[in-house]
Amino acid sequence: MSRPRRRWDQASYYRGVPTAPYDLVKEVAIATVVILVVVLGLAALLSSPDVPSLTIKGWSQKEPIDFLATATGELQGTTLSSSYGPPYHAGTGSVQTLGPFAPQLWAGVHLPLTSAQADVLGPLAVASVGDRALGQALAQFAAVSPEQKSVWEAHYARDLTRARDIRGQVTVPVDGSGPMGLMMGSLLTVARSGGLDALLMTSRRFYQTDYTRALLFLGDGGYLKQVATDFHLVGNQWGVLNETGRYPGQAWLWLFQLWYQLPPYNTASNVDLLVVLTMGLLSTLLLLVPFIPGLRDIPRWIPIYRLIWREHYQFSQLAEAPVDRPE
Amino acid sequence: MTTSAESGPTPDREPANHSQPNPSRSWTLRLRNYVLRELPPEHLLPESEPAYLGSWVYVFGVVTIAALILVIGSGVVLAFFGPQWWQVSPQGHFVNSVHFWSVQMFFIFMVLHLWGQFFAASWRDGRAATWMIGVVVFLVSVVTAFTGYLSQQNFDSQWIALNAKDAVNSTGAGAFFDVLNFGQMYGLHILLFPLLLTMLVVLHIVWVRRRGVVKPIELRHPS
């Protein structure tokens, strides 16, 4: 059967171009073996990073006052997650917009979360089964007005500034905070036993792979950030490019990270949205380089192509040079 | 033997000719013709190429594919044994290390390939689609690697997830792409994104083979 004719064919495109034998499959096979040897060597010599994940249990044992202050903040609505906004709830604390452009608000609440209930009151309700004192404290807390709750929470937050942690023994001098002392003391006990890690993962289903609640709570505290700072992972340390230990991170995100270091981005309240939009614009430009005059001409202005095809140009010049022909 | 022509058959008694399908009606034949027309076997697997392909810059693309083969191979082993295996088994940790360094190699050589092709202006002579598919491959690779970092189940995953959520949420994408949801990120990382990435890489390679590698800039043919 005769092969159908092409509208564009390589034969006419390459007419007059010198060719050389080429074995594509062999080249890929050799490259794979070489890279395999390199990668096996790196894996054997350098291993890979794996710092264990933090737990609520570890947090409450190592930094109990930070833990209590965070939990109190969840009740007060002063933590990052409790005031965040979409997609967790209708708050506005972390809503980023650019003029009328507000995709975070437009997307709305899809992962509903009430931090006070999810992180403190819900777990305490479970823990109060068989604990009459805690049950009474929770009932007392639930029965009062929101204003009274705010007063108790504020007093307890003030009390925490005078708290002492002596070899893991936490003492909070409570004064005018109602049942808060008993409630938060119980929460700390549950957390230190590891129970809160489990309670933050409970749901109406048996299987669970969603860590949103637990991670948001952990992220609200100061402990996680302190550990990240020790590993040089925070933003002003170019954290995204680093890994725990002496390993490379996501170095390909260097440009994404760069904007966070530069004004006006680094002082903007909507920095994340600005950076994402900037990177979206730059990615679109990269995609459309072939069609953008100026951008598509850069390779001609910066003649790296002369290095790329150096041998080819040398060959071309030799071929064009006058040759003394024998008579 | 009496032929049908000799016996003068009526049209409804004429046997169907199965060996000669009508090219304009057969979808299969049209697809085969299209594939053969656009990508004849000698272009897909050539035994010779223009001599200027001897440049070192063309090695980067091949090495990127080699690294991707190792990324997928080590990833298949990790996926088979489950997300916790590499943290509780020395063998699993080694396979994870192979996966980790393969990813690093993949990105190093992909970026070198990208810049090499940029400075070669490889989109010339009708190759814009090849360039664009390559850029999409890079962007999908970044997202695929990102979901991999979120699937490690270690401190790095926790920190990256908590920081990344603000950027994702600010665009509204957090409503359906929850970086704190391990199950969602793991599923995307081991199935959908690798599948998409592999398809795009295959498409990129097919497009390169289809048109051939672009000629050098300001090429002057030896006459």
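The values are calculated or read from the model by the stated rules, or taken from the named source; none is laboratory data. Remember, it's a predicted structure, so these values are computed and weren't measured experimentally. Note that each Cβ is placed from the backbone with ideal geometry, even for glycine, and that neighbours are counted across all protein chains shown.
Restricting segment A:110-139 to residues that are surrounded by fewer than 15 Cβ atoms within 10 Å (Cβ to Cβ) and in a helix (DSSP H, G or I) leaves a set whose member that is nearest to the chain's Cα centre (by Cα) is A:GLN117.
Answer with yes or no whether A:VAL170 is part of a helix (DSSP H, G or I) and among the hydrophobic types (A, V, I, L, M, F, W, C). Taking the combined requirement at face value, the residue does not satisfy it. Of the residues making up segment A:201-213, not one is of a type in the set (A, V, I, L, M) and buried (at least 22 other Cβ atoms within 10 Å of the Cβ). At the interface with chain B (Cβ under 7 Å from one of its Cβ atoms) and assigned to a strand (DSSP E or B) - does that describe any residue in segment A:24-38? The answer is no; no qualifying residue exists.
Being more than 11 Å from chain A (Cβ to nearest Cβ) and of a type outside the set (A, V, I, L, M, F, W, C) holds for only one residue in B:THR147, B:THR130, B:THR171, and it is B:THR147.
Yes or no, residue by residue, for (1) crowded, with 23+ Cβ neighbours inside 10 Å; (2) assigned to a helix (DSSP H, G or I); (3) outside the structural domain of B:VAL208 (by TED's automatic domain parsing):
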site	(1), (2), (3)
B:GLY126	no, no, no
B:VAL140	no, yes, no
B:VAL143	no, yes, no
B:LYS165	yes, yes, no
B:GLY183	no, yes, no
B:PHE193	no, yes, no
B:LEU197	no, yes, no
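Looking at segment A:276-294, is at least one residue surrounded by 14 or more Cβ atoms within 10 Å (Cβ to Cβ), in contact (Cβ under 8 Å) with a residue 12 or more places away in the chain and at the interface with another protein chain (Cβ under 7 Å from one of its Cβ atoms)? No; the residues of segment A:276-294 include none that is surrounded by 14 or more Cβ atoms within 10 Å (Cβ to Cβ), in contact (Cβ under 8 Å) with a residue 12 or more places away in the chain and at the interface with another protein chain (Cβ under 7 Å from one of its Cβ atoms).
Here B:PRO83 fulfils each of the conditions (1) surrounded by fewer than 23 Cβ atoms within 10 Å (Cβ to Cβ); (2) under 19 Å from B:VAL140 (Cα atoms) apart from (2). Within segment B:25-39, can you find the residues that are outside any loop (DSSP other than H, G, I, E, B) and under 23 Å from B:VAL135 (Cα atoms)? Hit for segment B:25-39 is B:GLU38, nothing else. Quick check: anything in segment A:63-73 at the interface with another protein chain (Cβ under 9 Å from one of its Cβ atoms) and assigned to a helix (DSSP H, G or I)? Among the residues of segment A:63-73, not one is at the interface with another protein chain (Cβ under 9 Å from one of its Cβ atoms) and assigned to a helix (DSSP H, G or I), which makes the answer no. If you go through segment B:41-73 and keep only what is of a type in the set (Phe, Trp, Tyr) and without any contact (Cβ under 8 Å) to a residue 40 or more places away in the chain, you end up with just B:TRP56.
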